[in-house]
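The values are calculated or read from the model by the stated rules, or taken from the named source; none is laboratory data. What you are looking at is a predicted structure, and each value in this text was computed from that prediction instead of being measured. Here the Cβ is made from the backbone with ideal geometry for all residues, glycine too, and neighbour counts use every protein chain on show.
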Amino acid sequence: MTTLTDLKQVHRATWAAGDYAAVAEHIDTVPPSDLLDRITIRPGQDVLDVAAGTGNAALRAASRGGRVTALDLAPELFVTARRRAVEQGVDITWVEGDAEDLPFDNESFDHVLSVFGVQFAPRHEVTATELARVCRPGGRVGSSTGPRRV
């Protein structure tokens, strides 16, 4: 039987081994733009992008004036993300971490985002609880996956 730790190590290795940056180029525009059109980022707001990958949503949130922290289980993806941030002239804090155990205090962010990444976390209820835990009262949690409220 595979333990949760073993599963997460396999997930991390899988994301780090492939050329996710090439895939991300094909999903760089519509999904993160759609998500950020639904979550109004105001200059100076604290924004967390969970399972940020190569930074598709993080970069857009930073360009809208957010103070952005981007977290991913596979920090190898940050090589591309950091390059893109420099090219776009935005400042983002990059953190290696697990969506099921976010390394942040309660109510640390005005908005918590994830385009696709959180769907790959093994325990969705745990992940959802973590996203809500680090979001400030009155803030918004948004994802491009899962049920959509119209």
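Within region 95-150, being of a type outside the set (G, A, S), in a loop (DSSP other than H, G, I, E, B) and within 24 Å of L59 (Cβ to Cβ) holds for L102, P103, F104, V115, F116, T145, R148. Has region 87-97 got at least one residue that is surrounded by fewer than 19 Cβ atoms within 10 Å (Cβ to Cβ), modelled with pLDDT of 95 or more, among the acidic types (D, E) and over 24 Å from R64 (Cβ atoms)? Yes, region 87-97 contains at least one residue that is surrounded by fewer than 19 Cβ atoms within 10 Å (Cβ to Cβ), modelled with pLDDT of 95 or more, among the acidic types (D, E) and over 24 Å from R64 (Cβ atoms).
For region 31-74: of the residues being over 21 Å from P103 (Cβ atoms) and among the polar types (S, T, N, Q), which is surrounded by the fewest Cβ atoms within 10 Å (Cβ to Cβ)?
Step one: list which residues in region 31-74 are over 21 Å from P103 (Cβ atoms), which gives 31-44, 56, 59-60, 63-65.
From what is left, the residues that are among the polar types (S, T, N, Q) are 33, 40, 56, 63.
Details: S33: 14, T40: 10, N56: 26, S63: 15.
Here the answer is T40.
Against the definition (farther than 25 Å from T5 by Cα, touching a residue at least 60 places away in the same chain (Cβ under 8 Å) and in a strand (DSSP E or B)), how does V47 come out, yes or no? Even if it seems obvious, please write down each step before you answer.
Numbers: farther than 25 Å from T5 by Cα: yes; touching a residue at least 60 places away in the same chain (Cβ under 8 Å): yes; in a strand (DSSP E or B): yes.
Spelling it out, V47 is indeed farther than 25 Å from T5 by Cα, touching a residue at least 60 places away in the same chain (Cβ under 8 Å) and in a strand (DSSP E or B).
Give A57, A62 a once-over and let me know the one that is modelled with pLDDT of 95 or more, in a helix (DSSP H, G or I) and in contact with a strand residue (DSSP E or B) (Cβ under 7 Å, 6 or more places away or on another chain). Step through it out loud before you land on a result.
Values: A57 fails: modelled with pLDDT of 95 or more.
The match here is A62.
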